[in-house]
Each structure stands twice: as structure tokens, then as C-alpha cells.
Amino acid sequence: MLLRRIARPLLAGIFITGGIAALRDPKGHEQAARPVLDKVTELAPTGQPLSPLTMIRIDAGVKIGFGSLLAIGKFPRLSAAALATSLVPTTAAGHRFWEIDDPDRRRAEQIHFTKNLGLLGGLMLAAADTEGKPSLAWKARRAGHTSAAAAELFHRDVTDNLNHLGKRVGDLGGQVTDAAHRYGPKAVELGRDYGGQAAEVATKYGTQAADAVTEAANKYGPKAADAVTDAANKYGPKAVDAANKYGPKAVDAASRAGGRLAENTERLRAETEKRGAKKAKEARKAGKQARKRADKRLAKATKAADKRFPTATKKARKAAPSW
């Protein structure tokens, strides 16, 4: 996006120039940050601590390196996070306005402190900017929702199958009841003879059927859920990438078509105005010619009237000199 290409160099410029200034004059920066650097050295773990000059040079290198990466748009989120991390100790070390007694210096350092807070807010926004792409948290939530939906779908299918099986069993039970009413005496007699055997068989194979259904659900349920999750993880980012890839092209095509339509409309308007001006000019010219012809005819008629009726025209001119 053009806005990001302009905003990132503007945001990174102050860090690059500040890092270069710190490398050129590390001692001046060391003197300003000496109280904070001494506290950091005291809090450091046991061992040989880094010197204040070394820490200032490292901070300058971070600002120049990650500022350059942010300016050219390489690893923008990582670069913004690194610059935000380096800005916190820099602000605390260089702009401690609450420790200054001089009102003018205190006001100036307070302005610098507030400015750095604004830069920190901009870096936080840049670090969170995914450029319209889904974040890792969103992808994780999406995968969880997809897995839950797949499990729910599988559970619904299993429930429907069991309900259908129960309905079929109920239908068979109704048929058996009808047969029992129809062949009651014989059924009772056969039931007495083979009741024990039927009960044993029902118990045996009923338990096996229930175990088989349970085993199938345990065996294929996780596989179905995993298959749906894999498919969502495999093809979901492709669909998002396709939308991100071809969406701007569609917008650009619509913009170009709109521009051509505006150009054609403007051309048609100009041509219409040109033709209207030409027609108006022709109408004025025709009007002048008609007026000349009318004047000529009037003069001719007046001359004829003077010739035929000299006395009447003479009296008319005296009565109306303008005529």
C-alpha cells in the first residue's frame, strides 16, 4: 500500500539520524544518560558489565539497523518492535524533565519526552500492523473453531445414524407385534420353547453391536476431525492469499475504467460545447443576414411608396420624423 511506503520511512528517519548522531558523539550521550546507565550497571547480573559507551553504541546500531529495515519495508513488524524497545531506555535516560529545575530546560525536555511517547505509539501500531493478513492468533482461533465444527458435524452424523437405526428397530418391532397378534397362540408356544435361546442370542449379539458402534466412533471420529482441520489449514490461507492477490487488481481495474469513463464524459462535454458555440455563431450570422435582407426590402418598399404616393409619405414623415 502506498500509505505504508510513505509512512514507514517518515517514522524511521528520526531513529536513523539519532543513531548516527550517537555514533558520532557517544561521549555527549554518555554524559546525559550517565545516571540511568549507572543504575542499569548496578542491576546487571554478576560478571563483567558493559561500559556505558558500549551500551550507547549498541543502542545506536539498533536504531540505525532496524530503522533502515523499517524504512525499506523489510521485517517491518520486527523492526518496529525493536525500535520501540530501544526507545524506552533512551527516553528514560535522555529526557528526565522531572529532575530539572530550570523552567525553560524542563519545558523543552518535557516536549521531547512527549514526542518520544508519540513515536512509541506509532511504533506499537506498526508492530501490530499485519497489512490486512490474518494474524497468528486469528489463525489459531480459526483452526479451533474449524475443529470444533468438524467434531460437532461428526457427532451429529453419528446421532442421526443411531436415530435412524432406532427407527428401523422400532419398525421391525411393530412388524413383530403385528405378527404376534396374527399368530398369537403359535407365537406364544414358540416363545416358550425358544425364549431362553432367543434371549441368549440377543444378549450376545446386542453387546457385540454396541461395542462395534462404539469402536467405530472412537476409531474414525478423531480421523474425521483431523481431516477437516488439515483441509482448513491447507486451503484456508490459499483462499485468503487469493483474495489479497486479486482484490487490489480488481480495484485497480475498476479505477482505470472509471478514469476512462470520466475522460470520455469530459471529451463529450467539450465537443458538445464546441458544437453549441458553432451553432450559435451560425445562428447569429443567419440573423444578421436576415436583418440585412429585411432592411433592404424595407428601403425598397419605402422608395416605391415615395414614388407612387409622394404627398402621403411626405406628410407621414412630418408627422413622425423618425420614420
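Descriptive notes on the structure:
- Peptides 54-64, 119-129, 287-297 ranked from most to least packed by the mean count of surrounding Cβ atoms within 10 Å: 54-64, 119-129, 287-297.
- Probe 1.4 Å - accessible area at Phe75, Å² to nearest ten: 140 Å²
- Each Lys or Arg adds one and each Asp or Glu takes one away; over the other residues whose Cβ falls under 12 Å from the Cβ of His95, this sums to +3.
- 3J(HN,Hα) along region 17-25: 5, x, x, 5, 4, 5, 5, 6, 9 Hz, from the Karplus curve 6.51 cos²θ - 1.76 cosθ + 1.60 with θ = phi - 60°, whole Hz, x for Gly and Pro.
- Charged neighbours of Arg105, selected by a Cβ distance under 15 Å, balance to -2 (K, R count +1; D, E count -1).
- Rounded to whole Hz, the Karplus (6.51, -1.76, 1.60) HN-Hα couplings of region 83-93, x for glycine and proline: 5, 5, 5, 6, 6, 5, x, 4, 5, 5, 8
- HN-Hα J in Hz across region 110-127 - Karplus 6.51, -1.76, 1.60, θ = phi - 60°, x for Gly and Pro: 5, 5, 5, 4, 5, 4, 5, 5, x, 4, 4, x, x, 5, 5, 5, 5, 5
- The local environment of Ala126, defined by Cβ-Cβ distances under 14 Å, has a net charge of +3 under the rule Lys, Arg +1 and Asp, Glu -1.
The values are calculated or read from the model by the stated rules, or taken from the named source; none is laboratory data. Computed from a predicted structure; not experimentally measured. Virtual Cβ from ideal backbone geometry, glycine too; neighbours counted across all protein chains shown. Areas reflect the complete protein model, heavy atoms only, side chains present, ligands, DNA and RNA absent. Shrake-Rupley method; radii C 1.70, N 1.55, O 1.52, S 1.80 Å.
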